[in-house]
Amino acid sequence: MYKNPLIQSIGSPTFANAGISADTLRLDLIHPEISGNKWYKLKYHLERAVASGKKGMLSFGGAYSNHLVAMAFACREKTIPCAAVIRGEEPPVYGPSLQQMSDYGMELHFVSREEYKQKEQLTARFANDYYIVPEGGAGIEGIKGASEIMQFPGNDHYTHILCSVGTGTTMAGIINGSQKNQKVIGISSLKVNDPVNNELISYIKEFSNSNNYEILFNYHFGGYAKKRTELISFMNRLYREESIPVDFVYTGKLFYAAYDLTTKNYFPVGSRLLIIHSGGLQGNRSLEKGTLIF
Ligand SMILES: *Cc1c(COP(=O)(O)O)cnc(C)c1O
């Protein structure tokens, strides 16, 4: 059988005891700077930016945005001028993500949280000069790029595909790139007020071509970028046992959910899981030193 070099099988008895198997697709290994799903999500935005004939590309995000760091790097590689609107006042000292964006040549426009909410006005201000990439690399281009995550020979081996969910762009792409008899399970990093009716569900419904999926909202550990001791201990254990480093915002919750669901017999015997490691390890830089063993 063809073996994708980014696929690692997980030896933990947790899976074997439940009569299932689990592999992970290590997109974190694609590149040290722009690891993971962000690369896929940007691919078609980059093409469209070039085709637009505009001066460059611009996107939005917070001071810790993995998406903006990836975009800054990708634009430098392709010599496309790029800019970003950053939520919040300019800090006197840049954190590592802002520093990277700036080092890669991204022009940074800091706006207040109030101004940031006026996305339409901000877009209008920049749209003449820049091809605009929605926050998080969302939209049809991002989804099309993310669907290529599942394009490798032998992908039909898996019965369940598990991924982390922020905007849902990656998940929509994975649904579109999966086979109809596979089930895609998204683990939301964000806390929502209504797990049945929310923007994320509408977005996935609108842009995916199949209903072979489920989004789980009970593994957010308090919400976006919130952390709990239990999650950190799990992350250290996963690294110790399987040499898989994960981040506390997205993939830590994803792997935690995969183990937890397995223990609770969520997957039928004989299931073959593929856990998409979407990268994002640089997010761990904001943790206090010594918190993680990797
Ligand atoms: C950005 C990010 C996600 C979320 O991707 P969406 O397409 O916005 O849902 C998941 N995992 C990691 C590691 C990320 O950096």
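Among the residues of this structure, Ser147 does not count as one that is open to solvent by less than 60 Å² (accessible area, probe 1.4 Å), more than 16 Å from the ligand (Cβ to nearest atom), in contact (Cβ under 8 Å) with a residue 12 or more places away in the chain and touching a helix residue (DSSP H, G or I) at 6+ places or on another chain (Cβ under 7 Å).
Residues in segment 178-192 that are open to solvent by 40 Å² or more (accessible area, probe 1.4 Å) and either among the aromatic types (Phe, Trp, Tyr) or within 13 Å of the ligand (Cβ to nearest atom) (or both): Leu190 only.
With open to solvent by 20 Å² or more (accessible area, probe 1.4 Å), away from the ligand (no atom under 16 Å from the Cβ) and touching a residue at least 60 places away in the same chain (Cβ under 8 Å) as the only criterion, which of Thr229, Thr159, Thr123 stands out?
Numbers: Thr229 fails: touching a residue at least 60 places away in the same chain (Cβ under 8 Å); Thr123 fails: touching a residue at least 60 places away in the same chain (Cβ under 8 Å).
Exactly one of Thr229, Thr159, Thr123 is open to solvent by 20 Å² or more (accessible area, probe 1.4 Å), away from the ligand (no atom under 16 Å from the Cβ) and touching a residue at least 60 places away in the same chain (Cβ under 8 Å), namely Thr159.
Taking every residue in segment 256-282 that is within 23 Å of Gly177 (Cβ to Cβ) and pairing it with any residue that is small (Gly, Ala, Ser) and away from the ligand (no atom under 13 Å from the Cβ), at least 6 positions away or on another chain, the pairs with Cβ-Cβ distances below 6 Å are Arg272/Ser21; Leu273/Ala22; Ile275/Ala258.
Only one of (1) small (Gly, Ala, Ser); (2) at pLDDT 95 or above; (3) loosely packed, with under 14 Cβ neighbours inside 10 Å; (4) more than 20 Å from Ala138 (Cα to Cα) fails for Gly222. Which number is that? Unmet condition: (2).
Checking each residue in segment 7-40 for being part of a loop (DSSP other than H, G, I, E, B), open to solvent by 20 Å² or more (accessible area, probe 1.4 Å) and at pLDDT below 95 picks out Ile30, His31, Pro32, Glu33. For segment 57-68, state whether one or more residues are within 27 Å of Val111 (Cα to Cα), open to solvent by 60 Å² or more (accessible area, probe 1.4 Å) and in contact (Cβ under 8 Å) with a residue 24 or more places away in the chain. Checked against the condition, which is being within 27 Å of Val111 (Cα to Cα), open to solvent by 60 Å² or more (accessible area, probe 1.4 Å) and in contact (Cβ under 8 Å) with a residue 24 or more places away in the chain, segment 57-68 yields at least one hit. Which one is surrounded by the most Cβ atoms within 10 Å (Cβ to Cβ), of the residues in segment 258-286 that are hydrophobic (A, V, I, L, M, F, W, C) and within 13 Å of the ligand (Cβ to nearest atom)? Step by step, filter segment 258-286, then rank; the result is Ile275.
Can you work out which of the residues in segment 232-255 that are more than 14 Å from the ligand (Cβ to nearest atom) and touching a residue at least 24 places away in the same chain (Cβ under 8 Å) is farthest from Ser65 (Cα to Cα)? Selected residue: Glu241.
The values are calculated or read from the model by the stated rules, or taken from the named source; none is laboratory data. Keep in mind that what you see is a predicted model, and the values were worked out from it rather than measured. So basically every Cβ, Gly included, is an ideal-geometry build from the backbone, and we count neighbours across all protein chains shown. Each accessible area value is taken on the protein alone, full model and side chains, heavy atoms only, with ligands, DNA and RNA left out. Shrake-Rupley method; radii C 1.70, N 1.55, O 1.52, S 1.80 Å.
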